[in-house]
Amino acid sequence: VLLVAVIAGLCGLTQSTPTVLWYRMSTSAKALYAVFTLPQQMVDDFLKSYEIFDKEAIETPGDAQNIINYYQVLNHLCAIGEVEKMYIPPAMDLKLGIFGNQLLWEEKGMADKLDIGPGKKVLDVGCGRGRIAQHVASYSGAHVTGVNIDKSQLALGREFAQATGMDSKLDFVHGNYNDGLPFPNETFDALYHVQALTYAKDLPALLRDMHRVLKPGAKMSFLDWFKLPAYNPDNPHHKKLLREVKAVIGAVKTPSPEEYTEALEGAGFKVLSSKEASEDGGHQWQLVSQAEFFFESAKSIVEILAKYGIIPKHFDVLMKRLTEGGQSFVEADKLSLFTTSWQIIAAEAREVGAGRGRGATAQ
C-alpha cells in the first residue's frame, strides 16, 4: 500500500517542488489508509448513492443523503491521486498537470477576477475538503468561509487549515444550500463555487439567497458542468455519453450556460462573462486522460493486491466503480458535448446603499 501511495504522490508531479511532492505523497498515504479502513456500510452506501446520477434533479431527503454518502468516500478516493480537490480544472497550461492547473486557475482564473485581497470576506459554496478555500486564502490574503453538506469533509478542512497555519483565515460551516445559506445579509465581498450547483433543487431561489448574503457590487465565479450546443438529446450515443459522464463526475442536473445566465440576471446579478475557461487548447480532455491513466493504473495494482488478500476486497470494488466511464468523459469533451470548465463571472448589480427592500430576511 505504501508503494501505491508513493506512486500516487509522484504521479504527474516529477517537475514539482519538494514541498508539493511531500504534500501529495502524504495526502495519498492518508487517503489510502482511510479507504483501507472504511466500514462496509459506508462502502455499500457509496455504491448505492450512484442512483442519484440517473436523475436530473434532487427531490427528496434520500437524495440529499445519497450526496453525503457519495462524497464521504469519493473525497478519499480522489485524494489518492491528483484530484483531491475533486475537480478537473480548466486547461491553463498543459505542461503543469492537474494539480498545477488547479493552482493556476484558482489564482489567475478565479481569485484575481473576484478582486479579493486582505480584509475581504469570501464564501466558498460546496467547499469539500477546503483545499480550494485554503489556497484562495493563502494566495489572496482574504478570509474564506466554506459551507458544505458533509461534516466529515469539513472536519478534514479544519484539520488542514490548522496544520498549515491558516485557521485564522478560514472558517468551515455545515449547511445544505438547498435549505438556505446560514449567513446574515450582506456578509461577503465575493462568492465562488466549483462544480457544486448540480445538486440545486431550486436554482433561482438559491441565486436569490446568494444575492442576499453578498454586499453591493460583490462578484462571484461559477465553474460548472454544462451541456453545449453540439449535444443532441435525440442522438443515442450522445445520451449514452451523458449517462456515463454524469456518473464519473457526480452530476445530477445538466443545464446549459444560458439557463444559468438567465437565472442570474433574474436574481439581480449582472453577468460579466460566460465562457469556456480552458485557455490551453480550449478543452480539458488531456487533463481528464491524465486522471484516467493514473486511476486505471492504480486499479490494476489494487486488483492484484485484493486478489491475494493483501488489502480488503472493498478497495477493488471501489476503484472499479470509480473508473467506470472515464473514456466517455474524454470522448464527450473532444466532441464538445459537455464541459466541466465553463466559467460564469457575475456581479451583484445593486447600487451601494440601495438596500434590499422589505422582502429580505437574515438567516
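Using each residue's phi in segment 105-118, evaluate 6.51 cos²θ - 1.76 cosθ + 1.60 at θ = phi - 60° and report the 3J(HN,Hα) Karplus result to the nearest Hz, with x for Gly and Pro.
For segment 105-118, the Karplus-derived couplings read 5, 4, 7, 7, x, 10, 4, 4, 6, 8, 6, 9, x, x Hz, x marking Gly and Pro.
Name all residues of segment 250-279 having a backbone nitrogen under 20 Å from the label point set 7 Å from the Cα of LYS108 along its Cα→Cβ direction, giving them as ranges.
So the set is 273-279.
Please state the shape class of segment 98-248: rounded when a/c is under 1.5, otherwise prolate if a/b exceeds b/c and oblate if not, all from the C-alpha gyration tensor.
prolate
Would you mind working out the magnitude of the charge dipole of the chain relative to its Cα centre, with +1 at each Lys and Arg C-beta and -1 at each Asp and Glu C-beta, to the nearest 20 Debye? Walk me through the numbers before you get to the answer.
Working: 37 positive and 43 negative charges, 95 e Å.
Magnitude of the dipole: close to 460 debye.
Name the shape class, rounded, prolate or oblate, that the alpha-carbon gyration tensor gives for segment 124-170, where a ≥ b ≥ c are the square roots of its eigenvalues, rounded holds for a/c under 1.5, and otherwise prolate holds if a/b is larger than b/c and oblate otherwise.
On the way: a/c = 2.27, a/b = 1.36, b/c = 1.67.
Note, shape of segment 124-170 comes out oblate.
What's the magnitude of the charge dipole for segment 270-341 around its Cα centre, counting Lys and Arg as +1 and Asp and Glu as -1 at the beta-carbon? Answer in Debye, nearest 20.
Roughly 280 debye for segment 270-341.
Compute the Cα gyration tensor for segment 60-144, then decide on rounded, prolate or oblate, letting a ≥ b ≥ c be the square roots of its eigenvalues: rounded whenever a/c is under 1.5, prolate when a/b is larger than b/c in the other cases, and oblate in all that remain.
The shape class here is oblate.
Work out how far the C-alpha atoms of segment 210-363 reach from end to end along every principal axis, then list the three figures in whole Å, largest first.
68, 37, 30
Name the lysines eligible as straight-distance cross-link partners of LYS121: C-alpha to C-alpha under 30 Å, and not fewer than 8 places from it in the same chain.
LYS85, LYS108, LYS113, LYS151, LYS169, LYS201, LYS215, LYS219, LYS253, LYS270, LYS275
Starting with the highest mean, order 269-278, 227-236 by the number of other Cβ atoms within 10 Å, averaged over the residues of each peptide. Mind showing how you got there, number by number?
Values: 269-278: 17.5, 227-236: 12.3.
Sorting 269-278, 227-236 by mean packing, highest first, produces 269-278, 227-236.
If you average the C-alpha positions of segment 179-197 and of segment 280-321 separately, how far apart do those two centres end up, in angstrom?
The two parts, judged by their Cα centres, are 34 Å apart.
Across all directions of projection, what mean area in square nanometres is found for the Cα convex hull of segment 189-270?
Values: hull surface 22.9 nm².
With every direction weighted equally, the projected area is 5.7 nm².
Considering the options GLY326, MET210, GLY250, tell which one lies farthest towards the positive end of the dipole of segment 209-363, charges being +1 on Lys and Arg and -1 on Asp and Glu at the Cβ, about the Cα centre.
Farthest towards the positive pole: MET210.
Which percentage, to the nearest 5, of the DSSP beta bridges contained in the chain is antiparallel? Don't skip to the end; give the middle numbers.
Values: 15 of 35 bridges.
Looking only at bridges with both residues in the chain, the antiparallel portion is about 45 percent.
Output the peptides 214-222, 198-206 sorted from most to least packed, where packing is the average of other Cβ atoms within 10 Å over each peptide's residues.
Details: 214-222: 21.2, 198-206: 17.9.
The peptides rank, most packed first, as 214-222, 198-206.
How much mean residue ellipticity at 222 nm does the chain get from its helices, if each DSSP H run of length 4 or more adds -39500 (n - 2.57) and you divide by all residues, to the nearest 500 deg cm²/dmol?
Values: 13 runs with 167 residues, N = 363.
Theoretical 222 nm ellipticity from helices: -14500 deg cm²/dmol.
Among the helices of the chain (complete DSSP H runs), which have Cα atoms covering no less than 24 Å along the helix axis and a Kyte-Doolittle mean of at least 0.0? Walk me through the numbers on the way to the answer.
On the way: long enough: 18-36 (27 Å, 0.51); 61-80 (30 Å, 0.13); 285-307 (32 Å, 0.44).
Span-like helices here: 18-36, 61-80, 285-307.
Laboratory data are not the source of any read-out in this text; all were calculated from the coordinates shown. Predicted, not measured: the structure shown is a model, and the values here were computed from it. Positions of Cβ are backbone-derived with ideal geometry, glycine not excepted, and every protein chain shown enters the neighbour counts.
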